[in-house]
Amino acid sequence: MLRSIRYAEADRVLHLYSREHGRLNAIAKGARRPRSRFGGRLEPFFRLSLVLYKGRGDLATVTAAHTVAAHASLRESGPALGAAARACDSILRLLDASEANPAAYNLLCRYLALLDGDEPPSGRSPAVPELDGAAGHATALAFRLKLALAAGFSPELAACARCGEGGEISGFSADAGGVVCPACERGGFELSPEAHAFMVEALGSPLAAAPASTGRALRQAERAVTETLEHHAHVHLRSAA
């Protein structure tokens, strides 16, 4: 569940992301009544098994709902709630098609589980992971990089996006589509070796093993992802921090 909106006197309009059908919108009639059969499960960040009826309108109708994962620990942490909201907002803005994207679906499920403490980041305790500061920022950026890849907008990181040379990398250009060498840096911005290394390692590592990095490198990496999505997907995402 990405978003839940109050509608009419007792209904809810739901923005959903599914494994088989991508983005879906549905209405749950009577969901806000005190004795609703849906209980309190039709809220953001719940992972649900839903039965939907598709009529002639734009909204499917929810006829049954069962909880797969409630993510209760996530709901008790302010930083985790904020991170989950930004992740769901990213899905809403970047993936608006009713087409299956299993990679994006699995990524969101994994990230919400991490925020809930079900799968702690490598080397950390099995509690809700550290979400403030550089550790939380690194995991959020790793999620965003992997989401860009799943959506087909991952930047070029292996060689200069303009000339194709695989030597020194000194900057990043959203217009070019990725990292650039000193000779092709016009119109881009400085990208430190540490920021470049973070982006490469974050894409190649499990989400639970997001690499550590400095605040400066993380800010550069976030700028690279943000400008790439703005330029090529025409989507502006909220700050990952």
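A few points about this structure:
- So G187, is it under 20 Å from the mean Cα position of the chain (by Cα), exposed (fewer than 14 other Cβ atoms within 10 Å of the Cβ) and not hydrophobic (A, V, I, L, M, F, W, C): no
- Residues satisfying the stated conditions in the stretch 93-116, i.e. surrounded by fewer than 16 Cβ atoms within 10 Å (Cβ to Cβ), under 26 Å from E227 (Cβ atoms) and among the aliphatic types (A, V, I, L, M): A97, A103
- For the residues A26, A60, A84, A80, the requirement of being among the small types (G, A, S) and over 22 Å from N101 (Cα atoms) singles out A80.
- Filtering the stretch 115-122 for residues that are at pLDDT below 95 and polar (S, T, N, Q) leaves a non-empty set.
- Verdict on A134 being in contact with a His (Cβ under 6 Å, 6 or more places away or on another chain), within 24 Å of A85 (Cβ to Cβ) and modelled with pLDDT under 95: no
- Contact annotation: residue pairs with Cβ atoms under 9 Å, 6 or more positions apart or on different chains, pairing a residue in the stretch 28-43 that is among the hydroxyl-bearing types (S, T, Y) with a partner that is outside any loop (DSSP other than H, G, I, E, B), are S36/A28.
- Unmet criterion (only one of (1) in contact (Cβ under 8 Å) with a residue 24 or more places away in the chain; (2) of a type outside the set (S, T, Y); (3) surrounded by fewer than 15 Cβ atoms within 10 Å (Cβ to Cβ)) for A202: (3)
- Residues that are among the β-branched types (V, I, T), in a helix (DSSP H, G or I) and farther than 12 Å from L141 by Cα, drawn from the stretch 206-235: T228
- Against the conditions (1) surrounded by fewer than 22 Cβ atoms within 10 Å (Cβ to Cβ); (2) closer than 25 Å to A233 by Cβ, A161 satisfies every one except (1).
- For the stretch 2-89, the strands (runs of 3 or more DSSP E) that sit wholly inside it and include 3 or more residues that are within 16 Å of the chain's Cα centre (by Cα), crowded, with 16+ Cβ neighbours inside 10 Å and not assigned by TED's automatic domain parsing to the domain that holds F143 are 11-18.
- Within this structure, H196 passes the test of being in a helix (DSSP H, G or I) and either of a type in the set (K, R) or in contact with a strand residue (DSSP E or B) (Cβ under 8 Å, 6 or more places away or on another chain) (or both).
- Residue check, E165 out of contact with any strand residue (DSSP E or B) (no Cβ under 7 Å at 6 or more places or on another chain) and acidic (D, E): yes
The values are calculated or read from the model by the stated rules, or taken from the named source; none is laboratory data. These figures come from a predicted structure and were not determined experimentally. As a convention, Cβ positions derive from the backbone with ideal geometry for all residues, glycine included, and neighbour counts pool all protein chains shown.
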